[in-house]
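Each reported figure results from applying straightforward, stated rules to the coordinates on display, with no laboratory input. Here the structure is a predicted model, which means the values were calculated and not measured. Don't worry about glycine lacking a Cβ; one is built from the backbone with ideal geometry, like all the others, and counts go over all protein chains shown.
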Amino acid sequence: MKALHVAEVGPDDADDVLAVVRRAFGARPPLDPPSTALDETPESVATTLSTVGGVLVRRNGDLPVGALLLDTSRLGLLGLRRVSVDPAHQGHGVASAMVGLAEDIAEARGLDGVWLTARAELPDNVTFWLRRGYVETARTGPVLELAKALWVAAPAATATDTQALGVRLSRLLRPGDLLVLTGGLGAGKTTLTQGIGTGLGVREAVTSPTFVIAREHRTVDGSPALVHADAYRLGGIAELDDLDLDSSLADSVTVVEWGQGLAEGLAEAWLDVRLELLTAGGARALAAAGPDRGGAPAMSVPAVADVSEARVVSVRPHGARWATARIRSTLLAAD
Ligand SMILES: Nc1ncnc2c1ncn2[C@@H]1O[C@H](COP(=O)(O)OP(=O)(O)OP(=O)(O)O)[C@@H](O)[C@H]1O
Ligand SMILES: [Mg+2]
């Protein structure tokens, strides 16, 4: 097993980065339109590395075998360009190591996700990204744009904080959106939904829909209606179908408590939202992890006064709808 060393690099490594880019892109079949990667020069690479950065993978101590350049031209997202693996060193996890670090860099920079373009003529390449959770967000001829939103975990010291997270989450929501809420009895699923309702402009009280199973709340200001369902007592997918959530889905924001394993089938995209009790150890771990690990901003954790009430709310996006959404920054905003 030969060791890989992956690191963020600056302009001093421009020659090694360029060498890998030339080996990787030089070995590709001719594409139409051709990639501009082979137009890169030591100067252009050095400029990118000093202004936005890049990643280099070395094998056995020094041999450069993988490289990519970063791009910050899109608000809230980290772009990956010139993603290159030396053809003689494929199949050793070089690309995975590079992309893993690039995603960590995106988190550390407080960004919401990662994007790149890939060529439809290189299906193995496309498959690599799809396996890592990237989804197609646009296509121009043979050029696919792929993106992936990072997941986020936010602490909620009290029920009020959980409601406030719901209000924040509501800012991202539009008709057709589906949220699947998971967490034990009393974890705070309904409490979070109350915040979503407040944010959407629902006037009446949002309460547990357990006995009616699904309830539609109208909003006052043109926001989508909130459809709030509780799948706790449902026997399975057939009973979920009986609720006829599909008929209101397109025009509403649909929130399903206890819907994990059932409700995801209702739409092509959804937010998997989990509420967990935050133990004292968990609070410390979240603080130590900091924002760069999908954790909370360190400064908000001392606010967790009574850990018996504290929850951690995590949001995992699925589907193209969310791939470039600003989920992390919206939930972790300092306001
Ligand atoms: N940090 C917190 N976040 C959310 N709720 C909290 C928090 N701390 C205490 N609570 C209390 O915990 C209870 C959560 O109840 P809620 O009905 O929201 O849970 P639920 O997950 O919907 O439960 P069920 O599975 O029964 O539907 C409320 O009484 C709330 O006031
Ligand atoms: Mg509930």
Can you give me the relative contact order of the stretch 4-149 as a percent, contacts being Cα pairs under 8 Å and 6 or more apart?
21 percent
Between the helical axis of 14-26 and the dominant principal axis of the chain, each derived from Cα atoms, what acute angle in degrees is found, rounded to the nearest 10?
90 degrees
For a quick check: with amide H placed at 1.01 Å from N, whose amide H comes under 5 Å from Leu179's, ignoring anything fewer than 5 positions away on the same chain?
Thr254, Val255, Val256, Leu271
Could you order the peptides 32-40, 109-117 from most to least packed, using the average number of other C-beta atoms within 10 Å per residue?
109-117, 32-40
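If packing is taken as the average number of other Cβ atoms within 10 Å across a peptide's residues, how do 98-105, 200-207 rank, most packed first? The partial results should precede the final answer.
Numbers: 98-105: 19.5, 200-207: 15.6.
Descending mean neighbour count gives 98-105, 200-207.
Express the relative contact order of the chain as a whole percentage, based on alpha carbon pairs under 8 Å and six or more residues apart in sequence. The partial results should precede the final answer.
Values: 706 pairs, mean separation 59.7, N = 335.
For the chain, the relative contact order is 18 percent.
Sorting check: for 243-251, 20-28, 130-138, which peptide has the highest mean count of neighbouring beta carbons within 10 Å, and how do the rest follow? Intermediate results must be reported in sequence, preceding the final value.
Numbers: 243-251: 14.3, 20-28: 18.0, 130-138: 16.0.
The most tightly packed comes first, giving 20-28, 130-138, 243-251.
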Does anyone have the angle between helix 159-170 and the longest principal axis of the chain? Alpha-carbon axes, 0 to 90°, nearest 10?
60 degrees
Mind putting a number on the dipole of the chain about its Cα centre? Charges go on the C-beta only, +1 for Lys and Arg and -1 for Asp and Glu, and I need it in Debye to the nearest 20.
320 debye
Once phi is turned into θ = phi - 60°, what whole-Hz ³J(HN,Hα) does the Karplus curve with 6.51, -1.76 and 1.60 give for every residue of the stretch 109-120, x standing for Gly and Pro?
8, x, 8, 9, x, 10, 9, 6, 10, 9, 9, 4
